[in-house]
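**Q** My questions will all concern the structure given below.
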Amino acid sequence: MMIRTSIIVGALLLAAPAAWAEGLPVEPGKWEMTSTTKMPMLSQPRVTTVTECVKESEISMDDMGGEEMDPACKFETAMVDGNTMKWSFDCPVEGGTSHGEWEATSTGNSVSGEGLITVSFQGGAMEMTMQWEGKRIGDCP
């Protein structure tokens with residue numbers, strides 16, 4: 001699902017999480033997601049827009065997992081409250097660790113969120129921020 005990919009594209013090395021029953025409600029259909037990533041090594045923000053057919057009526061933490069995820073990562077859901085979900089993760093990275101704090105809110109036909117990732121390695125740290133917006137743009141073909 002491209003929405004989950006857009007949400008985690010900046011998350012570096014995330015893990016397949018444990019099963020959570022609650023998630024963000026979304027209206028199935030064709031969705032357009034735009035993410036903006038800022039980090040010190042980029043001279044300007046990286047903006048990416050993708051479209052995808054969403055078939056589920058809920059985006060859950062289970063949707064965030066995948067084969068490319070690092071199984072050593074730890075996820076923690078801080079809150080699922082109606083249309084808002086907050087979560088964090090901690091992952092080992094080569095020579096250090098990464099920690100992320102994320103939040104997403106859905107109105108059913110739109111979703112928005114932001115995240116902050118801190119990567120610590122070799123005595124230094126780098127922060128990366130990501131914001132995303134998505135909207136349902138029609139029915140799937």
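**Q** Within a Cβ distance under 10 Å of E103, other residues only, what is the Lys/Arg minus Asp/Glu net charge? Don't skip to the end; give the middle numbers.
**A** On the way: positive: K86; negative: E101, E114.
Computed value for this residue: -1.
**Q** Probe 1.4 Å, all protein chains in place: accessible area of V80 in Å², nearest 10?
**A** Roughly 40 Å² of V80 is accessible to a 1.4 Å probe.
**Q** Counting only protein heavy atoms and using a 1.4 Å probe, what share of the accessible area of segment 72-116 belongs to carbon plus sulfur, as a whole percent?
**A** Carbon and sulfur: 46 percent of the exposed surface of segment 72-116.
**Q** To continue, here is another question. Let me cross-check T84: its accessible surface, 1.4 Å probe, with only protein heavy atoms counted, in Å² to the nearest 10?
**A** 30 Å²
**Q** Here's a follow-up. Report the extension gain between Q122 and C140 in nm, rounded to one decimal, defined as 0.36 nm multiplied by the number of residues separating them, less their alpha carbon distance. Write down the numbers at each step before the final one.
**A** Details: separation 18, 0.36 × 18 = 6.48 nm, distance 4.69 nm.
Answer, rounded to one decimal: 1.8 nm.
**Q** Please work out the ratio of the alpha-carbon Rg of segment 71-114 to 2.2 N^0.38 Å and round it to two decimals. Please report the intermediate quantities before stating the final value.
**A** Working: Rg = 12.9 Å, N = 44, 2.2 N^0.38 = 9.3 Å.
Segment 71-114 yields a ratio of 1.39.
**Q** Under 24 Å Cα-Cα from K86, which lysines qualify once same-chain neighbours fewer than 8 residues away are excluded?
**A** K38, K55, K74, K135
**Q** Could you put S112, S35, S43 in order of accessible surface area, largest first, with the 1.4 Å probe and the full protein assembly present? Let's see the in-between values first.
**A** Details: S112 55, S35 5, S43 120 Å².
So, going from the largest accessible area down, we get S43, S112, S35.
**Q** Given charges of +1 on the Cβ of Lys and Arg and -1 on the Cβ of Asp and Glu, with all other atoms neutral, how large is the dipole of segment 29-141 about its Cα centre, in debye to the nearest 20?
**A** Working: 8 positive and 19 negative charges, 82 e Å.
Taking the Cα centre of segment 29-141 as origin, the dipole is about 400 debye.
The values are calculated or read from the model by the stated rules, or taken from the named source; none is laboratory data. It should be emphasised that the depicted structure is a prediction, and the values quoted were computed from it without experimental measurement. Backbone-built Cβ (ideal geometry, glycine too); neighbour counts: all protein chains shown. Heavy atoms of the whole protein, side chains included, go into the accessibility calculation; ligands, DNA and RNA do not. Shrake-Rupley method; radii C 1.70, N 1.55, O 1.52, S 1.80 Å.
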